[in-house]
1. Could you sort 268-274, 282-288 so that the peptide with the highest average Cβ count within 10 Å comes first and the rest follow in order?
2. Within 13 Å, Cβ to Cβ, of L255, how many net charges do the neighbouring residues add up to if Lys/Arg are +1 and Asp/Glu are -1?
3. Label N249 and L25 with points 7 Å out from Cα along Cα→Cβ: what is the distance between them in nm?
4. What shape does the range 322-391 have by the C-alpha gyration tensor, where a ≥ b ≥ c are the square roots of the eigenvalues, rounded means a/c under 1.5, and otherwise prolate means a/b greater than b/c and oblate the rest?
5. If you roll a 1.4 angstrom probe over the protein chains with everything in place, what fraction of the accessible area of the chain belongs to carbon and sulfur, to the nearest %?
6. Compute the long axis of helix 459-498 from its Cα atoms, compare it with the longest principal axis of the Cα atoms of the chain, and write down the angle in degrees, 0 to 90, nearest 10.
7. Between helix 428-446 and the chain, what is the angle of the helix's C-alpha long axis to the longest principal axis, kept within 0 to 90° and rounded to the nearest 10?
8. Just subtract the alpha-carbon distance of S216 and S234 from 0.36 nm times their residue separation and send over the number in nm, one decimal.
Amino acid sequence: AAPVQVQLVVPIAVVFAPGSLPGDLPRPLPFRDVQEMEISVNVRTSVTSRYEMLYRSTTGQEEAALAAVTAREADAALHPLQDTTLGSLTMYVVPETSSLLPQGTNVYVGKHRSALVRAGGSLAALQARLREVTQVMSFTASSIAAALSDRVPDGQLSPDARRYLKSSLGYEITFSLLNPDPKSHTVDWDIEGAVNRYVKPVLDKLSLVANFSVDSQILYYAVLGVTPRYDKESSSFLLSAHSLPHVINPVEARLGSSAASLYPVLNFLLYVPERSHSPLYIQDKDGAPVSTNAFHSPRWGGIMVYNVEAPPSPQASLPLHVDVDMARVMEVFLAQLRLLFGLSREEVPPEFLLESPGNEGLADWELDHLLWAHTVENIATVSTTLTSLAQLLDKIGNIVIKDDVASEVYRAVASVQSAVTELSLGHLHAAFQASKEAVTSSERAFFDPSLLHLLYFPDDQKFAIYIPLFLPMAVPILLSLAKIVRETRQRKKEPTKMD
């Protein structure tokens, strides 16, 4: 893979509230400090993270905002006073005795780009705590390794890294309702209302990352590829974890959306089991029931099983009318969507309290988290694409590169350089936009139609095509040439005979 050298710079303001200053500060406030960390990927790829910290005291307005009763209120009051640039962070250090943070909580991460951090006595203790918070809110070594998963040696990747979707300029989301038994169930789902209410706010926020399109469909008589096992004790049907991978293929054949799509497709399936297999429950690896009755498949999407309550009397007329509780369903699908984008909140120390993002679906800093990872991934992708293109053009000797292909290559190189520069200046938004432009240009160059036909037209193929055309014409020419040669030889011999 092509060499990639990136420096990720995170501008951080560390703001001390009255009574929170550590005793061992090296010099009076305000002052700047820089901390660097090397993220090891492989020999040809080096990623350095550089935290540029400005230590200062609170302003009057910030002090008033920190006088709120709860951390959530303080977070809301501090938001208008902050630097809201993408990729920048503000850490408010509060005294150890502060009642803003609940007992046992040392760090409160808000909805925006700031956190409240309890002072830890010494500066070293505080810096260690700040480093942890910064990594949660910007990027960790593992999130960068996941973004560069193609370059990381296999054994060093966390199992989650392969789960996340690859960076793309767009994604298509398809919600499908599977009703395998329409004779027994008439299922109604207000998918349009649910998308507007639950999905749209999330996608509006993610619109900075990529373009999204959403569609929905209802499929009748579409069954899962696995027959569930009947469990006498609970008189229900069970799908065990090891049979789940076999569920997707037969269903996918019916979905039919990914074939015509330019972008990765995320499938979210709501499955209403047929009456003969109801109720149907999903079991995890240990045989315990899964509380959401759903499972997700990395880089593909998720499936949720929606059981219909049995009719009170066996004489009830079929088909039963089912109204899907969309709030319950969308809660599961949005959690799966976050998982697919690598926004799950698992690896957080216990003394951290993360504010739930509410109906926006993700906090501002989580958006930054995605942008950091996608920017790095885009830069690596472009350098790989351009290197492959260069190697390819080297192999094909007689290639003609049109001006528009050349200009796309130049544009891609310029955009990648610009993205790397912007990252090293701590301008995340500009870096991400430049990396997206670089991807677009490099792919346009690589897949340009004028190059494509040459790739499939190597020299041996030229011989195979032209020999049959020229051979019939060449036979009479060669014969007459041989005749001419014979006649000249005889002419030379004849004068000697006459003597």
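The values are calculated or read from the model by the stated rules, or taken from the named source; none is laboratory data. Fair warning: this is a prediction, and the values are worked out from it, not measured in the lab. Cβ placement follows ideal geometry from the backbone for every residue including glycine, while neighbour counts extend to all protein chains displayed. Accessible surface is based on the protein model in full, side chains and every heavy atom, while ligands, DNA and RNA are left aside. Shrake-Rupley method; radii C 1.70, N 1.55, O 1.52, S 1.80 Å.
1. Details: 268-274: 23.6, 282-288: 12.1.
Sorting 268-274, 282-288 by mean packing, highest first, produces 268-274, 282-288.
2. On the way: positive: R254; negative: E172, D215, E252.
Neighbourhood net charge equals -2.
3. My value for the distance between the label points is 6.5 nm.
4. Numbers: a/c = 3.44, a/b = 1.75, b/c = 1.97.
Note, shape of the range 322-391 comes out oblate.
5. Details: 14320 of 25500 Å².
Exposed carbon and sulfur together represent 56 percent of the surface.
6. It works out to around 20 degrees.
7. Long axis of 428-446 versus the principal axis of the chain: about 20 degrees.
8. On the way: separation 18, 0.36 × 18 = 6.48 nm, distance 3.38 nm.
Separation in residues times 0.36 nm, less the Cα-Cα distance, equals 3.1 nm.
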